[in-house]
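Starting off with a structure, shown below.
Since every read-out is calculated from the coordinates, none of them should be taken as a lab result. Given the structure is predicted, the values throughout are model-derived calculations rather than measurements. Quick reminder, even Gly has a Cβ in these numbers, built from the backbone with ideal geometry, and neighbours come from all protein chains shown.
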Amino acid sequence: MNIKIINKSKHPLPKYQTELSAGMDLYANIDETITLKPLERKLVSTGLFLELPAGFEAQVRPRSGLALKNGITVLNAPGTIDADYRGEVGVILINLSSEDFFIKDGDRIAQMVIARHETAEWQEVTELADSQRGSGGFGSTSEKI
């Protein structure tokens, strides 16, 4: 699949790190170091602009290493970039640790997964089919066995 991209950053295009990787790393494109204090969130620029094909989205997800080692995650994970969005790809990071975290220009801050999606059409009805689960939710499935 080919995706049109404008790279206004100082960094390489996102790429898969291994042959079977699902996500591509996104790099911070910033002029000065950002300090993320504990429980603070900030929008971090990437300098990337996409034109996705209809029926696809780009999902912005946390990097597992940053989450485990530093408590840094993507706040709205996964963040969705719609096919009709033409603005800059930004990443909302939050620091869930008890220490300041420093983001430098070129740091790998998140990963992006390209995913197909369906466009739903609602069919209004007055009844829904029965199911084994029924209306049980929030932990109710563990009680059914």
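Which of the listed residues, ALA120, THR33, SER64, is farthest toward the dipole's positive end in the chain, when Lys, Arg count +1 and Asp, Glu count -1 at the beta-carbon?
Of the options given, the answer is THR33.
Quick one: if the Förster radius is 35 Å, what FRET efficiency do ALA54 and PHE138 give, using the C-beta to C-beta distance and rounding to 0.05?
On the way: r = 35 Å, r/R0 = 1.00.
Efficiency computed from Cβ-Cβ geometry: 0.50.
With each pseudo-label sitting 7 Å past Cα toward Cβ, what's the ARG108-SER131 distance in nm, one decimal?
Rounded to a tenth, the inter-label distance reads 3.7 nm.
At q = 0.13 Å⁻¹, what is the base-10 log of I(q)/I(0) for the chain according to the Debye formula with one equal point scatterer per Cα and no solvent? Please give it to two decimals.
The Debye formula, applied to the Cα set alone, gives -0.70.
Would you kindly state how much longer the chain becomes between GLU124 and ASP31 on full extension, computed as 0.36 nm times their sequence separation minus their alpha carbon distance, in nm to one decimal?
Numbers: separation 93, 0.36 × 93 = 33.48 nm, distance 5.12 nm.
Contour length minus Cα-Cα distance gives 28.4 nm.
Can I ask one more? Going down the table (LYS15/LYS37; LYS42/LYS104; LYS8/LYS104; LYS37/LYS69), which pairs top 19 Å between alpha carbons? Could you put the intermediate results ahead of the total?
Working: LYS15/LYS37 29 Å; LYS42/LYS104 13 Å; LYS8/LYS104 17 Å; LYS37/LYS69 16 Å.
Too far apart for the 19 Å limit: LYS15/LYS37.
May I pose another question? Treating only the Cβ atoms of Lys and Arg (+1) and Asp and Glu (-1) as charged, compute the dipole magnitude of the chain about its Cα centre; round to the nearest 20 debye.
Numbers: 16 positive and 20 negative charges, 120 e Å.
In total the dipole reaches around 580 debye.
While we're here: Given charges of +1 on the Cβ of Lys and Arg and -1 on the Cβ of Asp and Glu, with all other atoms neutral, how large is the dipole of the stretch 46-106 about its Cα centre, in debye to the nearest 20? Let's see the in-between values first.
Working: 5 positive and 8 negative charges, 53 e Å.
Charge dipole, the stretch 46-106, about its Cα centre: 260 debye, nearest 20.
Scan around GLN111 for amide H atoms under 5 Å from its own, H built in the peptide plane at 1.01 Å from N, and keep only partners 5 or more places away or cross-chain.
Here the answer is LEU26, ARG61, ARG63, since their amide H atoms fall under 5 Å of that of GLN111.
How about the stretch 55-133: which GluC sites (Glu not before Pro) there are in a DSSP loop, with at most 14 other Cβ atoms within 10 Å of their Cβ?
Values: sites: GLU57, GLU88, GLU99, GLU118, GLU121, GLU124, GLU127; in loops: GLU99, GLU118, GLU121, GLU124, GLU127.
Passing sites in the stretch 55-133 are GLU99, GLU118, GLU121, GLU124, GLU127.
What FRET efficiency, computed as 1/(1 + (r/R0)^6) with R0 = 25 Å and r the Cβ-Cβ distance, is obtained for LEU43 and LYS4, rounded to the nearest 0.05?
Working: r = 23 Å, r/R0 = 0.93.
E between LEU43 and LYS4, to the nearest 0.05, is 0.60.
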